[in-house]
Amino acid sequence: MQVTVFGKQVIGLSPSDSLTFLIVFSACGIPGRLIPALLSDKFFGPFNTLIPLVAGVGIMIFGWIGVTDTATFYAFSITYGFCANGVQTLFPATISSLVTDITKMGTWVGMVFSIISLACLAGPPIAGALIDINGGKFLYAQLFGGSTIMLGTGILVLARLVQIKQLRQIISE
């Protein structure tokens with residue numbers, strides 16, 4: 001994510017403030033990994049917990065467009081860090097919860113992460129190119145990131161609806 005570069009170029013953080021920001025951003029990942037996982041285990045299940053977190057990431061990336069000062073930058077990074085780390089934690093659990101044959105769990109997880117690796121490989125260069133195209137401004141990259149995450153949220157919602165429909169059919173039989 002290009003957030004630290006944004007902090008230096010747009011917000012005007014000094015190198016020491018940038019390091020402090022990076023520490024805060026990373027520290028938000030601790031509760032972001034623990035709290036959603038606990039809620040998933042106790043109450044909602046991984047799929048139902050993952051969907052709002054992914055939507056939260058998309059909303060936060062769109063919200064990043066309005067970040068113009070240090071205070072909003074820190075508020076953004078705290079919220080984004082929480083949601084993004086929750087997604088990273090719950091994604092493998094969600095995949096595992098979809099597998100009906102436990103002997104194929106590793107195959108499923110490996111296949112999904114192979115596909116995700118392509119997005120991880122292509123995303124940063126695309127964001128960099130969009131920033132360059134826009135003269136060093138982050139708007140195009142923010143719109144691209146928010147749009148792709150919200151598209152992913154829609155796909156997750158559709159997948160969950162299909163899963164619910166299949167479960168209802170099994171129960172009615």
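Restricting to the range 20-65, name every residue that is among the aromatic types (Phe, Trp, Tyr) and surrounded by 14 or more Cβ atoms within 10 Å (Cβ to Cβ).
Residues satisfying the conditions are Phe21, Phe25, Phe44, Phe47, Phe62, Trp64.
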Qualifying helices (runs of 4 or more DSSP H) (wholly inside the range 1-84; at least 1 residues being hydroxyl-bearing (Ser, Thr, Tyr)): 3-6, 15-27, 46-63
Leading residue by the ranking (farthest from Gly7 (Cα to Cα)) among those in the range 124-135 that are out of contact with any helix residue (DSSP H, G or I) (no Cβ under 7 Å at 6 or more places or on another chain) and touching a residue at least 24 places away in the same chain (Cβ under 8 Å): Pro124
Test: residue in the range 20-42 that is more than 19 Å from the chain's Cα centre (by Cα), modelled with pLDDT of 90 or more and among the hydrophobic types (A, V, I, L, M, F, W, C): no
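The values are calculated or read from the model by the stated rules, or taken from the named source; none is laboratory data. Note that the structure is predicted; figures quoted are calculated from it, not measured. Cβ coordinates were reconstructed from backbone atoms using ideal geometry, including for glycine residues, and neighbour counts include every protein chain displayed.
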